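J.: Pasting in a structure now, in C-alpha cells, and then I'll have a few things to ask.
No lab work stands behind these numbers, since they all come straight from the coordinates. Bear in mind the structure is a predicted one, so any value in this text is a computation, not a measurement. Quick reminder, even Gly has a Cβ in these numbers, built from the backbone with ideal geometry, and neighbours come from all protein chains shown.
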Amino acid sequence: MRAGFHASSMQDVAAEAGMSPGNLYRYFPSKEAIVAGLCACDQEELASNVQTLVACGNPLAGIEMLLRQHLVEEPRERFQMIVEIWAEATRKPEIANLCSGIDGHVRGGLAQVIEAAKRSGLAPADVDTDFVVRTMMTIVIGLFKRRAHEADFNGDAELAMALAVIKAAIEGRIRPGV
C-alpha cells in the first residue's frame, strides 16, 4: 500500500500481500474488512498488554516494557499502517468506530492500571486517573505518529522523555490546571 490505504485498491492490496485478488476477496470482502481484521488483532494484543500491566505490580515498569517494545523494537512500518488507519478513519465512519472502540479499550485498561497503582500505594490515592490516562494517551499517540513519519526517530530518547512525564503524572506531580 505504497500509495496509502485510501488510494490503494483491493488489487493493490492483493499484489502487496503476494496473493491473487480472488484469494484476498475470499477472506476480506472490502478494504474496510481488512481494517476490521487488523483492529481485531490489535484488540487481542491490547487485552494482553493490559493484563501484563495489571499483573506486573509496578505500572511504570510495565509501561516502560511495553513502550520499549513499541517505540524501539517494533518496525516502523507497523506505525505507518496505524497512521494510515487513523487517516482512513477521518473518511469512513465504520473505521472511525473501530478506532474509537480500540481507544476506549486502551483508556479503560490504563484506568485499571492506575487504579491498581493507587490501591497498592504506588500512586497517591487522590491522583486524577482520567488525567493520567489522557496524558499517557496524548504522549503515546504522538510518539506513534512520530515513529511512523521520522526516519531518524530515536526511540530510546523519546522513551525516556515519555516515562518521565508519565511517572510525574502517576505520582501526582503534574495535575490538570497546574
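J.: Using label points projected 7 Å from each Cα along Cα→Cβ, tell me how many nm separate Val72 and Ala111, to one decimal.
T.: Here the answer is 3.1 nm between the modelled labels.
J.: So which trypsin sites (Lys or Arg not before Pro) in region 119-178 pass both tests, a DSSP loop state and at most 14 other Cβ atoms within 10 Å of the Cβ?
T.: Details: sites: Arg119, Arg134, Lys145, Arg146, Arg147, Lys167, Arg173; in loops: Arg173.
The qualifying sites are Arg173.
J.: Relative contact order, percent, of the chain when contacts are C-alpha pairs under 8 Å separated by at least 6 residues?
T.: Relative contact order here is 24 percent.
J.: Using 0.36 nm per residue, how much length does the chain from Cys41 to Ser20 gain when fully extended, once their Cα-Cα distance is taken away?
T.: So the extension gain works out to 5.3 nm.
J.: Testing the spin-label approximation: label points 7 Å from Cα along Cα→Cβ at Asn97 and Ala33. State their distance in nm.
T.: In this crude spin-label approximation the distance works out to 1.7 nm.
J.: Another question, if that's okay. Could you calculate the FRET efficiency of Gln11 with Ile174 from 1/(1 + (r/R0)^6), where r is the beta carbon distance between them and R0 is 41 Å, rounded to 0.05?
T.: Working: r = 50 Å, r/R0 = 1.21.
That pair, Gln11 with Ile174, gives E of 0.25.
J.: Please give the net charge around Lys92, taking every other residue with its beta carbon less than 15 angstrom from that of Lys92, where Lys and Arg add +1 and Asp and Glu add -1.
T.: Values: positive: Lys31, Arg91; negative: Glu32, Glu84, Glu88, Glu94.
That works out to -2.
J.: Between Thr52 and Glu150, what is the label-point separation in nm under the 7 Å Cα-to-beta-carbon projection?
T.: In this crude spin-label approximation the distance works out to 2.3 nm.
J.: So what's the back-of-envelope 222 nm ellipticity for the chain, counting only DSSP H runs of four-plus at -39500 (n - 2.57) apiece and dividing by all residues, rounded to 500? Kindly include the intermediate steps, with their values, before the conclusion.
T.: On the way: 8 runs with 130 residues, N = 178.
Taken over the chain, the calculation gives -24500 deg cm²/dmol.
J.: Among the trypsin sites (Lys or Arg not before Pro) in region 21-101, which ones are in a DSSP loop with at most 13 other Cβ atoms within 10 Å of the Cβ? Mind listing them?
T.: On the way: sites: Arg26, Lys31, Arg68, Arg76, Arg78, Arg91; in loops: Arg91.
Here the sparse-neighbourhood loop sites are Arg91.
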